[in-house]
Amino acid sequence: MAVNETAARVSAIKESSLDLSREESLNKIESALSIYYNHLIEYVIENIKEEFAKARRLPRITKPISIILSGGTSLPKGFSGRFKQILDRLKLPVSVGSVRMASQPLRSVAKGALVAASADEGKK
């Protein structure tokens with residue numbers, strides 16, 4: 001590992017004490033995780049932008065959209081603030097209203113996967 005720690009130790013810090021709202025006084029693991037999160041969020045937003053650019057027929061979106069964050073990756077303190085900062089810098093091609101955490105971040109991922117699977121089944 002780049003920080004000379006086990007994956008288990010890095011994961012434990014990510015899950016227990018990582019605070020992405022802090023920019024200063026980070027130890028080497030927190031600093032590495034912070035950089036990782038920046039790159040991950042940038043990657044996600046850039047890929048959303050690419051999907052919009054590739055779309056042949058976009059619906060006319062007249063109101064700002066909401067972005068709901070979910071999943072284990074979104075659990076560290078300060079994640080939504082970090083996401084908003086990077087989103088403000090990279091800009092989506094649609095107006096974004098609120099960016100907020102799902103009420104049940106882990107369960108929401110499973111529910112979304114179930115909805116997508118059900119929709120795919122309906123197409124067969």
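The values are calculated or read from the model by the stated rules, or taken from the named source; none is laboratory data. Quantities reported herein were computed from a predicted structural model and do not represent experimental measurements. Quick reminder, even Gly has a Cβ in these numbers, built from the backbone with ideal geometry, and neighbours come from all protein chains shown.
Every residue in region 48-75 that is touching a residue at least 40 places away in the same chain (Cβ under 8 Å), in a loop (DSSP other than H, G, I, E, B) and touching a Ser or Thr at 6+ places or on another chain (Cβ under 9 Å), please. Residue satisfying the conditions is Ser70 alone. Exactly one residue out of Lys84, Lys111 is among the basic types (Lys, Arg), part of a helix (DSSP H, G or I) and modelled with pLDDT of 95 or more: that is Lys84. The number of residues in region 95-108 being in a helix (DSSP H, G or I) and closer than 21 Å to Ile45 by Cβ comes to 2.
Taking the options Leu92, Leu33, Leu26, name whichever one is surrounded by 11 or more Cβ atoms within 10 Å (Cβ to Cβ) and part of a helix (DSSP H, G or I). Result: Leu33 is the single residue among Leu92, Leu33, Leu26 that is surrounded by 11 or more Cβ atoms within 10 Å (Cβ to Cβ) and part of a helix (DSSP H, G or I). Residues that are surrounded by 12 or more Cβ atoms within 10 Å (Cβ to Cβ) and not in a helix (DSSP H, G or I) were ranked within region 4-20; the one that is farthest from the chain's Cα centre (by Cα) is Glu5. Considering region 5-40, the residues that are among the β-branched types (Val, Ile, Thr) and free of Cβ contacts under 8 Å to residues at least 24 places away in the same chain include one that is farthest from Thr73 (Cα to Cα), namely Thr6.
Within region 76-89, being surrounded by 14 or more Cβ atoms within 10 Å (Cβ to Cβ), touching a residue at least 40 places away in the same chain (Cβ under 8 Å) and of a type in the set (D, E, K, R) holds for one residue alone: Arg82.
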